[in-house]
Each structure stands twice: as C-alpha cells, then as structure tokens.
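Readers should treat all values here as calculations from the given coordinates under stated rules, not as data from a laboratory. Predicted, not measured: the structure shown is a model, and the values here were computed from it.
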Amino acid sequence: MSTFPGTFVTTGIAGSVNYNDLVDNYLTPRLLTFRQITINDEPAVLKPDKATWKVTYGNWNHGTALSDTVSIRKNGTVISDVSVTGINYVYGTFQVNPIDLGLDLKARDTVEATYEWDYFPVEVLKSFLLQAIQIVNTSAWGSTTSYTIDSMPEQWKGVVTDLAFALAIERILLDYDLWKWRLVYAIGPGEIESSGGDIVNQLQTLKQNAEERANKTLDNEKFKPGNRLSVPTVFYYDAVRGLGVSQGRHGIPFVGGRLRGWVPNRYV
C-alpha cells in the first residue's frame with residue numbers, strides 16, 4: 001500500500017483512475033496538513049464495556065506497525081504493540097488489557113494516546129468531488145451536461161478541484177462552531193469561546209480564493225463547448241452545392257449556384 005511522500009496518508013484507494021488522480025495529485029497536496037494531524041498524549045476515556053478506550057478523533061492513519069503512527073501510555077509507561085488489542089482505526093478505539101478499575105479513582109488505570117488522524121478521509125473527498133462535478137454540469141455557459149468524475153473532460157479537473165477544495169474549507173468552518181473541532185488548532189481555553197483569532201478569516205480567504213478561480217473559469221463562454229464548430233448539416237450542404245432554383249429542405253424557395261441567390265439591383 002503506497003502513501004503520500006513523507007506521510008502515512010494512503011494513496012490510490014479512491015476507486016478509479018480519475019478519482020485517484022484528483023484526490024492524490026490535486027486535493028491532498030492542498031489539504032495535507034489536515035490529512036495527517038497529530039494529537040499528543042490525549043487522555044483516553046473508558047467506554048461502558050469496561051474494556052475499550054476511546055479518544056476524541058477517529059479516522060487514524062496507520063503504517064506497517066502500530067508504533068509508526070500510534071503510541072499508547074498506560075499509567076505513564078509506553079506499552080508495546082502486542083499489548084494493544086482490538087484497535088479500530090475508524091472510530092479511534094482500542095483495548096489495553098488487563099484493566100484495573102480500582103475503587104479509588106486516584107489508583108485506577110490512566111491511558112494516554114498519541115496518534116495521527118485524517119480530517120478528510122478519501123470517501124469525504126470523493127463526496128466533495130461529486131458535488132463539484134454536479135455544480136459544473138449545471139452552471140457555466142451552454143446546456144446542462146451530465147458528466148461524471150470518470151467521464152469529464154481533462155480540462156475540467158482544475159475547476160472541479162477548486163470547487164471541491166472550497167467545499168472542504170466550508171466543512172472546516174462549519175465544524176469550527178463546535179469546541180471539539182476548535183481543539184484541532186490547539187488554541188487556548190479563553191479563545192475556544194471566541195473566534196480563535198485569525199483562524200476563521202484565514203479559512204474564509206482560502207475558500208474565497210478557490211471560489212473566485214472556479215467562477216472565473218465557469219464565466220468563460222468557451223469553457224463547456226470549447227473552440228469547436230458544429231458539424232455541417234444536410235441543409236448547409238444543399239445550400240452551398242448549387243442545386244439551381246428549387247424548394248429548400250424547409251419548403252422555402254431559394255436560388256442555388258455559386259452566387260447563392262444573389263441578384264443585381266437596378267444600380268448595377
């Protein structure tokens with residue numbers, strides 16, 4: 001399984017050539033910071049089954065060994081990979097048996113996890129691309145089209161990527177309303193209740209830039225039809241081949257020949 005260079009972000013798993021190209025070569029380089037976020041020494045919460053521990057964020061990245069991306073501390077000591085069982089990379093849960101529940105809360109086990117997680121899993125990015133292609137199909141100059149990601153013209157990839165990127169930033173802005181997502185930015189407790197400094201403004205600028213680039217392309221009258229002429233019809237050929245005086249295809253008389261119906265007026 002291949003990964004994006006220098007990361008544990010998996011590549012080539014989007015399901016088709018075009019999806020893989022857009023996710024791996026167009027979107028991931030712009031969203032890479034969000035696709036490998038490291039959380040250090042987060043206290044895990046013991047679930048009601050009294051065996052499973054859970055952390056705040058799921059969709060963990062993983063390498064060939066658990067220790068590549070995950071480190072678990074139990075009572076302050078890093079435990080070996082073989083002692084971590086039942087790990088669920090999607091939901092961010094794991095087990096470290098045996099567990100000492102202890103009647104004295106100060107004496108019970110404490111577990112901390114350091115892990116890397118992906119804010120934009122491939123399925124999420126694919127949904128943004130799907131929305132983006134539908135926006136292009138129903139906008140821009142020309143008739144409504146019905147292209148898919150796999151059948152769209154090559155020159156559409158840039159505008160589809162910009163629209164998908166804008167949707168990704170929009171999701172971040174929506175998530176930022178909740179404290180859970182503000183913690184991703186490691187802002188201070190006092191700023192959790194406020195706007196978090198310039199973070200929102202920076203995100204809005206990124207979203208606006210992507211939308212402006214996309215709209216500039218969509219406003220181009222030649223974006224959908226391109227520099228192409230319609231295929232000549234039989235009516236055109238009948239008009240220019242010179243069939244003499246006859247009824248046109250639509251029942252309208254016309255004079256054929258090289259002059260295409262031109263006749264002199266009284267001044268010639």
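Taking amide H positions as placed 1.01 Å from N in the peptide plane, with prolines and chain starts having none, which residues 5 or more places from ILE87, or on another chain, fall under 5 Å of its amide H?
GLN95
Can you give me the Cα centroid spacing of the stretch 87-162 and the stretch 1-68 in angstrom?
Each part's Cα centre sits 9 Å from the other's.
Under the 0.36 nm per residue contour assumption, what length would be gained going from the current alpha-carbon distance of THR144 and THR77 to full extension?
That works out to 18.0 nm of additional length.
For ASN20 and THR33 in one chain, what is 0.36 nm times their gap in residues minus the Cα-Cα distance, to one decimal in nm?
Separation in residues times 0.36 nm, less the Cα-Cα distance, equals 2.8 nm.
Pairs of alpha-carbon atoms within less than 8 angstrom and 6+ residues apart define the contacts here; what relative contact order does the stretch 89-161 have, in percent?
20 percent
Can you return the aspartates and glutamates within cross-link range of LYS74? Criterion is Cα-Cα under 20 Å, with same-chain partners fewer than 8 residues away left out.
Filter leaves ASP41, GLU42, ASP49, ASP100, ASP104, ASP109, GLU112, GLU116.
In percent, what relative contact order does the stretch 18-91 have, based on Cα pairs under 8 Å that are 6 or more apart in sequence?
Dividing the mean separation by the residue count of the stretch 18-91 yields 22 percent.
For THR3, enumerate residues with amide H under 5 Å from its amide H, sequence gap 5+ or separate chain, H modeled in the peptide plane.
Correct list: THR11.
Normalised by the residues of the stretch 122-218, what does the relative contact order come to in percent, with Cα pairs under 8 Å and at least six apart?
About 35 percent, as a whole number.
Could you work out how much longer the chain between LEU203 and ALA65 gets when fully extended? Use 0.36 nm per residue separation minus the Cα distance between them, nm to one decimal.
Full extension of this stretch gives 46.2 nm more.
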